[in-house]
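See structure below.
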Amino acid sequence: MLRPEALGENVRHDPLGKSRVWVELRQRVAENAGWTRICPLSAANREAKEVIYYIRGFMNSTPLIPVTVLIGYLGAGKTTLLNRILSENHGRKYAVIVNEFGEIGIDNELIVDADEEVFEMNNGCICCTVRGDLIRIIEGLMKRKGAFDAIIIETTGLADPAPVAQTFFVDDDVRARASLDAIVTVVDARHILARLEDSHEAEEQIAFADVILLNKTDLVDAQELERVRQRIRAINGPARLHETQNCVVPLEEVLERGAFDLDRILEIEPNFLSEDDHEHDDAITSVSLSSDAPIRPELFMPWLRNLTAAQGQDILRLKGVLAFPGEEQRYVVQGVHMLLEGDHQRDWRADEVRASRMVFIGRNLDPTALRQGFEACAVSAA
Amino acid sequence: MAELLERGGLVHRHGRHVKLDGEPTAILWLGTLAAAALGDGSVHWLNDEGGSLAHSVHAGAILTTCRHPDGMSVLTGGDDGRVCRVASDGEMTEIGRFERKWVEHLVASPASGLIVAGVAREAVAWSKCASEPTHRYAVSSTIGGLALDAKGKRLGIAHYNGATLVYGTNPDSGRVALNWVGSHIACTMSPDGRYLVTGLQETGLHGWQLPELRDMRMSGYATKTRSFSWDRKAKWLATAGDAQAILWPFEGKLGPIGKAPLLLAKREGTIVTRVAFHPRDDILAIGYSDGTVILARPADENTVLIDEGGAFITALAWNDAGTRLGWGDEDGRIGILDMEARV
């Protein structure tokens, strides 16, 4: 296994030439509850990956530092929101990773400049494109134990949100110490419709969001606001939407949401987007699925893995809360492109309906095929 | 051995523990005086008599340290963008300041007097005795690691998609581009300057044999490799990043190419986080993620338990004479082993 090789040519490894092994670590690290990555790992790395989860994440019980990712175009109101977070007296200390320090008027040693260095891992798999600077900065910040309670990452309006999110799935050292809490997208009500016309990024930023702040609502009339609202909902139905002026929103609606805002998907009516009247062919939509019958993990896991392996490019985000037969705990799953994580989250409460829900946000989603696939994983009534 | 195990290792008989408030990011030795650099920005000096002296140096964490070429002081780089020289008597001099940047790497050579800091996308150099930076080498992305050869002249700079090789003492010399896709996050150079080896974000090592630029690939590591150590004859390169220390043979014309590594002191369920070869003997000190520290002899694979029961080992170093071993874990526990006491 460990063997240096003399290589004549400096060539990129062909990702498809590599044997891909889908690994589910859950079964192996059963006693150490925590996120399970279900990702194409090379066989050589498989054993290894287990070990690191073991040691840093679970064996030491240090709680993971929650990370909020703040997305939005210049002028949408991100800086206003950041300044509020930094100046309000909430008793929490935030380390803030910004891309332009100058924009923030507050001097604070916990504000760090990022370089937005997007790194492709050399296996060439797009799901392993990460933000190298974030890995470095988060590791560096962690050396200052107790200096802060949570991390906020600001990204530019031109950035693709996927590498930021994927960093929290892919890098083991980051995963062992920090967890993605929520992606918050700030949208300028005045300009968003024009932005959606001329850029992919604007659409993806809305698609990736767990929480959307529709800001500057005072600068548009009621009719325009309704159009914006509908457009956002068409792209990302599941996100929590707050309409704001000057980003005035209770900070607890934005920060340290916990569990990636997963509970939200239980409140959503399924099939809210059954109408197939897409504006463009490549428009991003969301599909919500529901099953009252318990889901069989031995069918569900392979289905989801195959689905993301085949359509991971198009699936931007997915989330699910699942009831497995005879299990007292909710199983939650989330994903970005081809990366999946799943975990037993907590016991079902006595007053909770044990329904299973999945939400997919992406391009070229086929609601019918998704629904059929999901329903086929349910325990049949007979 | 059983007795030692019960008592938690040799440190209890021939050494001591010191509890500090921050996470040690490095331990350095000046003779028998240890300097521990912490995540809270302070440097703690620990002497044989059990005395300790603390100096607050950086506003944030100390991210990197190395010994000053003068052998009388240490250099620290912090996330406040400063590079400082700190002497054991508390004298502190700022030799560089980089606003809004992190100083993440420092190397220095007593042979050439050169000091080099990795600051974002620049390797910033101080020529012998300079009190401020004298020259810089820009690379295409943020620096992942720096390494000097034994003469302190050849400088390897690891970064995204490879490494760059320059003469650190001569800013006008040519540079050699060593290309290999991926993010290179650490590096080391053999003392004779014949090999540059980097650790990769996606785990494993990449190496270049110089001057032929022959590529080598070492894979199979469980996690990223961030700690390297050459033995006194530069025959072995010990590396961290797996459940065991992995030692690559660098003897002969082809070095490790086509040879199997020596796998030393495997401990299931843990990761080797730091390795340090004894400077005068064929003994390797190994620190693990569960706080265990051992000494291992590559020749017969015998091991001696030094410490256990701590947390993730973040620092490990011998003094030059090989009479003291120091280590630190992420909870701030420092261990010091007195090798002279064993005799």
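The values are calculated or read from the model by the stated rules, or taken from the named source; none is laboratory data. None of the values given here were measured: they were computed from a predicted structure. A quick note on method: Cβ atoms are made from the backbone with ideal geometry, for glycine too, and the neighbour counts reach across all protein chains shown.
Computed quantities for the displayed model
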quantity: Residue within region A:142-156 that is outside any strand (DSSP E or B), facing chain B (nearest Cβ under 8 Å), crowded, with 18+ Cβ neighbours inside 10 Å and modelled with pLDDT under 80 present; calculated: no
quantity: The listed residue being more than 10 Å from every other protein chain (Cβ to nearest Cβ) and touching a Leu at 6+ places or on another chain (Cβ under 6 Å), out of B:A238, B:A234; calculated: B:A238
quantity: Odd one out for B:R217, checked against (1) part of a loop (DSSP other than H, G, I, E, B); (2) out of contact with any Phe, Trp or Tyr (no Cβ under 8 Å at 6 or more places or on another chain); calculated: (1)
quantity: Selection within region A:175-194 - modelled with pLDDT of 90 or more, within 23 Å of A:L82 (Cβ to Cβ) and not in a strand (DSSP E or B); calculated: A:A189, A:R190, A:H191, A:I192
quantity: Flag for B:G287 being on the phi > 0 side of the Ramachandran plot, within 14 Å of another protein chain (Cβ to nearest Cβ) and under 18 Å from the mean Cα position of the chain (by Cα); calculated: no
quantity: Qualifying residue in region B:20-28 (condition: modelled with pLDDT of 95 or more, assigned to a strand (DSSP E or B) and more than 14 Å from chain A (Cβ to nearest Cβ)); calculated: yes
quantity: Boolean, B:G156 is in contact (Cβ under 8 Å) with a residue 40 or more places away in the chain, part of a strand (DSSP E or B) and either farther than 16 Å from B:I115 by Cα or not basic (K, R) (or both); calculated: yes
quantity: Unmet criterion (only one of (1) at pLDDT 95 or above; (2) surrounded by fewer than 19 Cβ atoms within 10 Å (Cβ to Cβ); (3) facing chain A (nearest Cβ under 10 Å)) for B:R214; calculated: (1)
quantity: Hey, B:P171 more than 14 Å from chain A (Cβ to nearest Cβ), in a loop (DSSP other than H, G, I, E, B) and at pLDDT 95 or above or not; calculated: no
quantity: Conditions (1) within 19 Å of the chain's Cα centre (by Cα); (2) surrounded by 19 or more Cβ atoms within 10 Å (Cβ to Cβ); (3) not small (G, A, S); number of the one not met by A:Q345; calculated: (2)
quantity: Residue that is farthest from A:E243 (Cα to Cα), among those in region A:170-197 that are within 14 Å of another protein chain (Cβ to nearest Cβ) and among the hydrophobic types (A, V, I, L, M, F, W, C); calculated: A:A176
quantity: Number of positions in region B:47-77 that are hydrophobic (A, V, I, L, M, F, W, C), out of contact with any Leu (no Cβ under 7 Å at 6 or more places or on another chain) and either within 13 Å of B:A315 (Cβ to Cβ) or crowded, with 20+ Cβ neighbours inside 10 Å (or both); calculated: 3
quantity: Complete set of residues in region B:299-343 that are more than 25 Å from B:L263 (Cα to Cα), within 14 Å of chain A (Cβ to nearest Cβ) and crowded, with 23+ Cβ neighbours inside 10 Å; calculated: B:E330
quantity: Qualifying residues in region B:91-121 (those that are more than 20 Å from the chain's Cα centre (by Cα) and in a strand (DSSP E or B)) - the one nearest to the other protein chains (Cβ to nearest Cβ); calculated: B:R97
quantity: Selection count where residues are part of a loop (DSSP other than H, G, I, E, B), within 14 Å of B:K235 (Cβ to Cβ) and at pLDDT 90 or above, scope region B:257-267; calculated: 1
quantity: Residue identified as in contact with a helix residue (DSSP H, G or I) (Cβ under 6 Å, 6 or more places away or on another chain), β-branched (V, I, T) and within 26 Å of A:T167 (Cβ to Cβ) among B:T223, B:T203; calculated: B:T223
